[in-house]
Amino acid sequence: MGTLYNTTDALPHMSTSPSDRFPRTLSTSVLRIKHRSIFWEKFLESRASTPNRYGEDLIVTPFAQILATLRNIRNNYISLTNVTPARNKRSSSTTGPQSFMPKNNLQYGDENYLRVAQETLEELDWCLDQLEAVQTHRSVSDMASSKFKRMLNKELSHFSESSKSGNQISEYICSTFLDKNQELDISSLRYEDDQTFVKKSVREASATMSQICGARKPLTHANSLTSDSVPKYGVETNHEKELHEIFRGLDRWGMDIFKVSELTDNRPLTAVAYTIFKERGLMATFKIPAATLVRFLLSLETNYNRDNPYHNSSHAADVTQATHVLLNSRALETVFTKLETMAALFAATIHDVDHPGVTNQYLINTGSDLALMYNDESVLENHHLAVAFKLLQNPDCDIFKNLQKKQRQTLRKVAIDMVLATDMSKHMTLLADLKTMVETKKVAGSGILLLDNYTDRIQVLQNMIHCADLSNPTKSLELYKSWVKLVMEEFFQQGDKERIEGYEISPMCDRNDTTIEKSQVGFMDYIVHPLWETWADLVHPDAQHILDTLEENREWYASMIPPSPPQDSEPSIVTEPQTNPSDKIQFQITLEEGESDDEFS
């Protein structure tokens, strides 16, 4: 490819004065974890001939690479020709001539001149090659997503070969975080023609299949609420003083939701969401009666399954509080409207309502009514939305009844787009979208983040709720360990069902054959950290402490991986019991027609 671009050469040091806080500027240096190379540096490991050619900033998304290379070509052209750039919008930007330092030592015909000329020609040829290979039906984020798939393919192939647990973790990441268009070719999931994955026949659809059964639970004690009788935090409690102390940290990252649940008689979602709506002034702005909001939240919380170890109202409260904190980022504080802010918080509260405690793939494999209703596409996420909006049809729970028609339509669209983004199979697409946005803004002009259209704004909100949904590893170690215990128990309960019902046990769901510590390290390395690092770059420097905590938790879990039993034959090589070759995942991404392995590499 062409010369890798050092964005610190193109972007000036941004002013931090109050007058320059909006539009917000992106960070001009990559956020690095403390003790090991960042995920994105792996993209350059195979290029020993061009080490550190991005300098401090690594540009890895294809579209941003093209822009960066073209900018470098432009700068070289000015140096080679001594042309004075025209006074246009490009030259007047903060990355124009005033920030560009020409190579004054270039003399026509000398060695340096010829070297720069040759490099410029090579860079231009590279750009032309990439543009000629672009498939017109694909977006720039699709190009990045395909590139990330190849990187993940390489990493997971190595990881799966390391041990039995590495193979299992790789299979889990593949089956959970890649959508149908990004599936890897996994031999362990293939069956002969005379075998079927689903052992039981698909059940006949029930007569009530067209109904939204998740919203069937009636209100009870909430019916008698009036605006004058609403408790301070939305729920009756004998621990208001202790709750007050905890809610003093409502705007800080990592509030102890387990303690909130304990003090509110398992009503953490109502307490957290009601307090956030009140403190943000949303109730006053949109004329939401306090009693109506509480009735809706209590009804919503009732529809969260308390029997789920993980996907219950405590998780919803945690994601809601995390979304609230992320919305407070200085980079975003003047970006979203009040309506968009309320839609984002509403989406967080409802994003897992009536979750059955099993995965989308389980519902699809077992031929559930939900999978049939939603055609196997984001089954749970569609169901969560349907249940939530069904609850709003109760006049006593309709918190949006005073919105204008256009406002209500906008809120519904934002909420739908955000909740659908919590489908973990959309992870790679979301990451590619965000990474492309961040890098393009860095190299395409002044580095200013202007979210002036719906596509860009919803892209940030979708990644925000995705980050909040994957925020457990960024919390304090004690909280993180508690969440891990709960999510693994839910996985294991699904595995128990699959074992009893005769299905293939899903990755990470076999309580008899899962290394929890190693699974968390792999989860952080391949999924959580790349996402959060990209988010942190977007809102720099607001999330640096989150990355620090993530790294500390990663190191703790790495230190807790149990030692493997020694092998008599090759003790110095084998670190864990090895699987049979036939049991290993053979990772091979199926690329789209016309896409080569070295495209945008």
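The values are calculated or read from the model by the stated rules, or taken from the named source; none is laboratory data. It should be emphasised that the depicted structure is a prediction, and the values quoted were computed from it without experimental measurement. Cβ sites come from the backbone with ideal geometry, for glycine too, and all protein chains shown count toward neighbours. Only protein heavy atoms, including side chains, enter the accessible area calculation; ligands, DNA and RNA are left aside. Shrake-Rupley method; radii C 1.70, N 1.55, O 1.52, S 1.80 Å.
So which of Lys154/Lys441; Lys259/Lys518; Lys164/Lys481 end up more than 25 Å apart, counting from Cα to Cα? Among Lys154/Lys441; Lys259/Lys518; Lys164/Lys481, the Cα-Cα distance tops 25 Å for Lys154/Lys441; Lys259/Lys518. Classify segment 345-424: rounded, prolate or oblate, from the alpha-carbon gyration tensor (a ≥ b ≥ c, eigenvalue square roots; a/c under 1.5 rounded; otherwise prolate if a/b is larger than b/c)? Note, shape of segment 345-424 comes out prolate. A cut-off of 5 Å between modelled amide H atoms, ignoring neighbours fewer than 5 places along the same chain, links His540 with Ser27.
Would you work out if segment 296-349 is rounded, prolate or oblate? Take a ≥ b ≥ c from the square roots of the eigenvalues of the alpha-carbon gyration tensor; rounded if a/c is under 1.5, else prolate when a/b is larger than b/c, oblate otherwise.
oblate
Relative contact order for segment 340-389: what percent, with Cα pairs under 8 Å and sequence separation of 6 or more? The normalised contact order for segment 340-389 reaches 43 percent. Taking Cβ atoms as reference points and 13 Å as the exclusive limit, the residues near Tyr310 contribute a net charge of -4, counting Lys and Arg as +1 and Asp and Glu as -1.
Around the amide H of Tyr304, modelled in the peptide plane, lie the amide H atoms of Asp354, all under 5 Å away and 5 or more residues distant in sequence or on another chain. Ranked from largest to smallest solvent-accessible area, with a 1.4 Å probe on the protein heavy atoms, Trp253, Trp126 come out as Trp253, Trp126. Label-to-label distance for Arg74 and Asn112 is 2.4 nm, based on points extended 7 Å past Cα in the beta-carbon direction.
Loop-located trypsin sites (Lys or Arg not before Pro) in segment 248-283 (DSSP state not H, G, I, E or B) with no more than 13 neighbouring Cβ atoms inside 10 Å: Arg248, Arg252. Ligands, DNA and RNA excluded, the heavy atoms of Glu240 present near 80 Å² of accessible surface to a 1.4 Å solvent probe. Cα-based values for segment 248-402, radius of gyration first and Dmax second, are 15.9, 46 Å. What is segment 267-357 by shape, rounded, prolate or oblate, if you read a ≥ b ≥ c off the alpha carbon gyration tensor as root eigenvalues and call it rounded for a/c under 1.5, prolate for a/b larger than b/c, and oblate otherwise? Cα axes put segment 267-357 in the oblate bin.
Given R₀ = 25 Å, FRET efficiency for Thr285-Gln393 by Cβ-Cβ distance, to 0.05? Working shown, then result.
Values: r = 23 Å, r/R0 = 0.92.
That gives a FRET efficiency of 0.60.
Where Lys and Arg each count +1 and Asp and Glu each count -1, what net charge lies around Ser261 among other residues with Cβ under 13 Å from its Cβ?
Values: positive: Lys259, Arg267, Arg306; negative: Glu242, Asp256, Glu262, Asp265, Glu301, Asp318.
Net charge in that neighbourhood comes out at -3.
For the pair Glu377 and Lys232, label points projected 7 Å from Cα toward Cβ lie 4.9 nm apart.
Sum up the charges of everything whose Cβ sits under 14 Å from the Cβ of Leu392, counting Lys and Arg as +1 and Asp and Glu as -1, but leave Leu392 out. Its environment carries a net charge of +3. Available extension along the chain between Leu450 and Glu119 is 115.9 nm, counting 0.36 nm per residue and deducting the alpha carbon span. Identify the residues of segment 503-522 with backbone N under 17 Å of a label point that sits 7 angstrom from the Cα of Leu477 along the Cα-to-Cβ direction, or state none. In segment 503-522, the label zone of Leu477 (backbone N under 17 Å from the point 7 Å along Cα→Cβ) covers 517-518, 520-521.
Extending 7 Å from Cα along the Cβ direction at Arg306 and again at His239 yields two label points whose distance is 1.5 nm.
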